[in-house]
Amino acid sequence: MNARKAEIGILCWEAGQVPRGLVQLESLVGNSTNPESYSFPVRFCRVKGANIHTILENPSREVLQTMIAEAKAMVADGVRAITTSCGFNAIFQEELAEAVDVPVFTSSLLQVPFVQKIVGRESEVAILTAKAAALKPEHLAAAGITRTDNLHVHGLEGCPQWSKIFTSPDEDMDLEAVRREIVGVALEALEARPRTRAFVLECTDLPPFAEEIRRKTGLPVFDFITLVNSVYSSL
């Protein structure tokens, strides 16, 4: 974003492999792949083979090895921490963290244990995710989540505009309709589970909508941006 050397490297999906709707979302400040989302320099690395199928739907060990190689290259070039542009990379947290000698934080889901502690045992935490059916117990465990009885997961795949990512990846999305869908799912989650005391947004395309969720629910919202800002402040 400027002439200063990047402190944080971001492993992203391969160029040309991003659904059209997600490319639209990248234009919004707060999105993980928009340089304007950061008050500090970051370095984006497009990972060959990384896409919705090899990361979100069917995690690929081959792509993981490519990610490790790219992470090592960025660290060798002076990057001081590594993250990724998809929360489903939580499944690779341990392998990536073991591969390099700098902090690695693959997913906003890493914040869930912290959030569970600060809201108390009798309270609940809502996770909003790009696709609930794809978010497996293995992802949660890899993010260090050991307690799940006070978690409830809400996917966006049932939303007509958002679902184009999966069903019609070459079509544009109506971004205003997407905003309404995302905020609507959050409000429905709170209505269904009134003991909810915080939200965690798994998907790195959701932070542009976090402030409206905070405002309309009155609850704290943790996302990729809250995580990356926290890690950066520690460097």
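Read-outs throughout are calculated quantities, based only on the coordinates presented, and are distinct from any laboratory measurement. Model, not experiment: these values are computed from the prediction. Quick reminder, even Gly has a Cβ in these numbers, built from the backbone with ideal geometry, and neighbours come from all protein chains shown.
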With springs connecting C-alpha atoms under 10 Å apart, model the chain as a Gaussian network and identify which of V185, V200, V125 has the largest mean-square fluctuation. V185
Build a GNM of the chain with springs between Cα atoms under 10 Å: which of G158, G87, G218 gets the top mean-square fluctuation? G218
Go ahead and set up a Gaussian network model of the chain, Cα springs under 10 Å, then flag whichever of A73, A210, A97 fluctuates most. A73
For the pair D101/T146, report the inter-label distance in nm, with labels modelled 7 Å from Cα in the Cβ direction. 3.0 nm
Give me the three principal axis extents of region 167-220 from the C-alpha atoms, as integers in angstrom, largest value leading. 39, 20, 18
Show me the helices of the chain, taken as full DSSP H stretches, that run 20 Å or more along their long axis by Cα and average 0.0 or above in Kyte-Doolittle hydropathy. 61-76, 175-192
Two-site label geometry, D170 and N58: point separation in nm, points 7 Å out along Cα→Cβ: 2.1 nm
Show me, for region 123-128, the HN-Hα J-couplings you get by feeding each phi into the Karplus relation (A = 6.51, B = -1.76, C = 1.60, θ = phi - 60°), rounded to Hz, glycine and proline as x. 9, 10, 10, 9, 9, 9
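Share of Cα-Cα pairs in region 10-106 beyond 20 Å, in percent?
Working: 1519 of 4656 pairs.
Looking at region 10-106, the distances longer than 20 Å represent 33 percent of pairs.
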Sorted from largest down, what three extents in whole angstroms do the Cα atoms of region 108-223 have along their principal axes? 42, 31, 21
Run the numbers on the chain and let me know its relative contact order in percent, using alpha-carbon pairs under 8 Å that are six or more apart. 23 percent
Can you give the Rg and Dmax of the chain based on its C-alpha atoms, in angstrom? 16.7, 48
